[in-house]
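Have a look at the structure below before the remarks.
The values are calculated or read from the model by the stated rules, or taken from the named source; none is laboratory data. Not measured: the values here are computed from a predicted model. Cβ: placed from backbone, ideal geometry, glycine included. Neighbour counts: every protein chain shown. Remember, those area values only see protein heavy atoms, side chains included, never the ligands or the DNA or RNA. Shrake-Rupley method; radii C 1.70, N 1.55, O 1.52, S 1.80 Å.
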Amino acid sequence: MDFKLDLLDSKVELYEADDLKSLEGQIERAIDINKALMLDVHSVSHQVVFNPCTERLLYSAVVHFKLKR
């Protein structure tokens, strides 16, 4: 019987929130969870857009995690 474990090398997660503080909290929780998978933050990209329907700002972020080496 052959048993093989593959490591997760890279992972990208997307987040959005109505305020910057909530977005930061989501990212911090994700960092803690991904540390257990031995993944570190490789890069973070963020953007703010205005939603004319709700007349509010929408904050979004893309976080790229990579395997610790």
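Does Leu23 qualify as being at pLDDT 95 or above, among the aliphatic types (A, V, I, L, M) and surrounded by 10 or more Cβ atoms within 10 Å (Cβ to Cβ)? Yes.
Does the stretch 35-54 contain at least one residue that is open to solvent by 100 Å² or more (accessible area, probe 1.4 Å), of a type outside the set (S, T, N, Q) and part of a helix (DSSP H, G or I)? Among the residues of the stretch 35-54, at least one is open to solvent by 100 Å² or more (accessible area, probe 1.4 Å), of a type outside the set (S, T, N, Q) and part of a helix (DSSP H, G or I), which makes the answer yes. Of the set (1) open to solvent by 90 Å² or more (accessible area, probe 1.4 Å); (2) without any contact (Cβ under 8 Å) to a residue 24 or more places away in the chain; (3) not in a helix (DSSP H, G or I), all apply to Glu28 but (3).
For residues that are of a type outside the set (Val, Ile, Thr) and surrounded by 14 or more Cβ atoms within 10 Å (Cβ to Cβ), tally how many sit in the stretch 55-65. Residues flagged as of a type outside the set (Val, Ile, Thr) and surrounded by 14 or more Cβ atoms within 10 Å (Cβ to Cβ) within the stretch 55-65 amount to 6. The single condition among (1) among the aromatic types (Phe, Trp, Tyr); (2) touching a helix residue (DSSP H, G or I) at 6+ places or on another chain (Cβ under 7 Å); (3) without any contact (Cβ under 8 Å) to a residue 24 or more places away in the chain that Phe50 does not meet is (2).
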